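Visitor: Structure provided below as structure tokens; questions to follow.
The values are calculated or read from the model by the stated rules, or taken from the named source; none is laboratory data. Note that the coordinates shown come from a computational prediction; the quantities given were computed from them, not determined experimentally. Here the Cβ positions follow ideal geometry from the backbone for every residue, glycine too, while neighbour counts run over all protein chains shown. The accessibility values were calculated without ligands, DNA or RNA, using every heavy atom of the protein model including side chains. Shrake-Rupley method; radii C 1.70, N 1.55, O 1.52, S 1.80 Å.
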Amino acid sequence: MTTEGPRTDAELVGMTLAAHVLEGMLEAPAATGAFTALLDQIVLAAKLITGRVRRAGLADALGLTGDTNVQGERVQKMDVLANDTLVAALRHRGTCAGLVSEELEEALVFERADAGYLVVADPLDGSSNIDVAVSIGTIFGVLRHDPAAGPVRAESFLRPGRELCAAGYVLYGSSTVLVLTTGQGAHAFTWDPSAGEFFLSHPNLRCPPRGSTYSINEGNTAHFDPGIRRYLDHVKAKDAATGRPYSHRYVGSLVADVHRTLLKGGLFAYPHDAKSANGKLRLLYEANPIAALVEAAGGRAITGRGQRVLDVTPRSIHERAPLVCGSAEDVALYEQLTAG
Ligand code: P6P
């Protein structure tokens, strides 16, 4: 805000991420600085992971560790490095009471009796792509925690995504972009390695009401419900009046596919199917933060089974959920064609 009123988007571009978060704190009268300190630590982890990802091929950080994670998936060396970096960053500053991470079987409790926040994260999503230099990402969400409610347990994290007070992702792509919502819109910050800072590049992101791409792994078509196949047939049919056929775009890295959908419009889906009854993505630290960001940008995020993603109450910390998100009109079309 200035004496002349709110600044325009153009005036905001170039602001550092730290200044953006600090301004948000200054506008919140009850702020103690703890939330800002927590976001600072998450951003620090993102800065450190960015450096490691960019030189992974040179630092013998590619390839597998030989272990499998709680999901039964093979663990990449970079998964461990990213998780260790995030844990170390969150352990400082005393604002994080606990972490649920894709790389940790159990919830990690930090010995901070007075910490008021919980973090959920996929420290490095899509890491199998790193060996072939395809974009990957970090996904995170922040929940408030009441220290008076007793010690942090797995149950402390089993809350619907609508309770997230912050959500974000970092896309390690042709540039490194951090997209963040703290409840007032979604904003994108681009990493400038020469300055060692994230600078606001896309203030007040808005997902176009309709797009012209659909993003889904069509290799799973044989397992899809008839309704999903009906949707795919529809978007692939030729009809100039409704901008069809859509183009198919699928990187196979959630953050990359969602970032394109968020900026350009269209639909991303990792739905349930006969092979994966709840889809592949995890609710707490993949679907929920992505859904919060898409909705903050004016898009929609549903399960494809009659629910808004952010309204799903988790039953376990690593449970999976279907995710269908993107432009509001495209999600409505998906809902209509897959109903019944
Ligand atoms: P599939 C990466 O492993 C990931 O978890 C997401 O980043 C991505 O959207 C999805 O899996 C891709 O899965 O089955 O299409 O290879």
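Visitor: Taking the chain as a Gaussian network, where each spring joins two C-alpha atoms under 10 Å apart, which residue of 133, 195, 115 fluctuates the most?
Guide: Among 133, 195, 115, the largest GNM mean-square fluctuation belongs to 195.
Visitor: Something else about it: Could you tell me how far the Cα centroid of the stretch 256-274 sits from the Cα centroid of the stretch 186-206, in Å?
Guide: If you average the Cα positions of each part, the centres end up 22 Å apart.
Visitor: Another one. For the peptides 179-188, 27-36, what is the packing order when you average, over each peptide's residues, the other Cβ atoms within 10 Å and list the highest mean first?
Guide: Ranking the peptides 179-188, 27-36 by packing returns 179-188, 27-36.
Visitor: Okay, moving on. Out of 140, 322, 247, whose Cα points farthest toward the positive end of the dipole of the chain (charges: +1 Lys, Arg; -1 Asp, Glu; placed on Cβ)?
Guide: Result: 247.
Visitor: In nm², what is the average projected area of the convex hull enclosing the Cα atoms of the stretch 11-202?
Guide: 11.3
Visitor: What whole-number distance in Å separates the alpha-carbon centres of the stretch 295-340 and the stretch 228-254?
Guide: That distance is 18 Å.
Visitor: I need the fraction of alpha carbon pairs in the stretch 213-338 separated by more than 22 Å, rounded to a whole percent.
Guide: For the stretch 213-338, the share of Cα pairs beyond 22 Å comes to 28 percent.
Visitor: Next up: Which value, in debye to the nearest 20, gives the size of the charge dipole of the chain about its Cα centre, when Lys and Arg are +1 and Asp and Glu are -1 at the Cβ?
Guide: Using Cβ point charges on Lys, Arg, Asp and Glu, the chain gives about 700 debye.
Visitor: So, with +1 on the Cβ of K and R and -1 on the Cβ of D and E, and no other charges, what is the size of the charge dipole of the stretch 213-338 about its Cα centre, to the nearest 20 debye?
Guide: Charge dipole, the stretch 213-338, about its Cα centre: 180 debye, nearest 20.
Visitor: Moving on. How would you order 20-26, 327-333 from highest to lowest mean count of nearby Cβ atoms within 10 Å?
Guide: The most tightly packed comes first, giving 327-333, 20-26.
Visitor: Per residue, how large is the accessible surface of the chain? Use a 1.4 angstrom probe and give square angstrom.
Guide: Value for the chain: 43 Å² per residue.
Visitor: Give the carbon-plus-sulfur fraction of the accessible surface of the chain in %, rounded to a whole number; probe 1.4 Å, heavy atoms of protein chains only.
Guide: With neighbouring chains kept in place, the figure for the chain is 52 percent.
Visitor: Here is a further query. When only alpha-carbon atoms count, how far does the stretch 81-130 stretch along each of its three principal axes, as whole angstroms with the largest first?
Guide: That gives 39, 19, 12 Å along the principal axes, largest extent first.
Visitor: Let me ask something additional. Hey, what angle do you get for helix 34-54 against the long axis of the chain, alpha-carbon based, 0 to 90 degrees rounded to 10?
Guide: With rounding to tens, the tilt is 60 degrees.
Visitor: Give the ranking of 215, 194 by solvent-accessible surface, highest area first, calculated with a 1.4 Å probe.
Guide: 194, 215
Visitor: State which entries of 47/77; 47/264; 238/264; 238/275 exceed 23 angstrom in Cα-Cα distance in the structure shown.
Guide: Check vs 23 Å cut-off fails for 47/264; 238/275.
Visitor: Continuing with the same structure: What is the projected area of the convex hull of the Cα atoms of the stretch 204-258, averaged over all directions, in nm²?
Guide: 4.9
Visitor: I've got another one for you. Return the Rg/Rh ratio of the chain with Cα-based radii and a Kirkwood Rh.
Guide: Expressed as Rg/Rh, it is 0.96.
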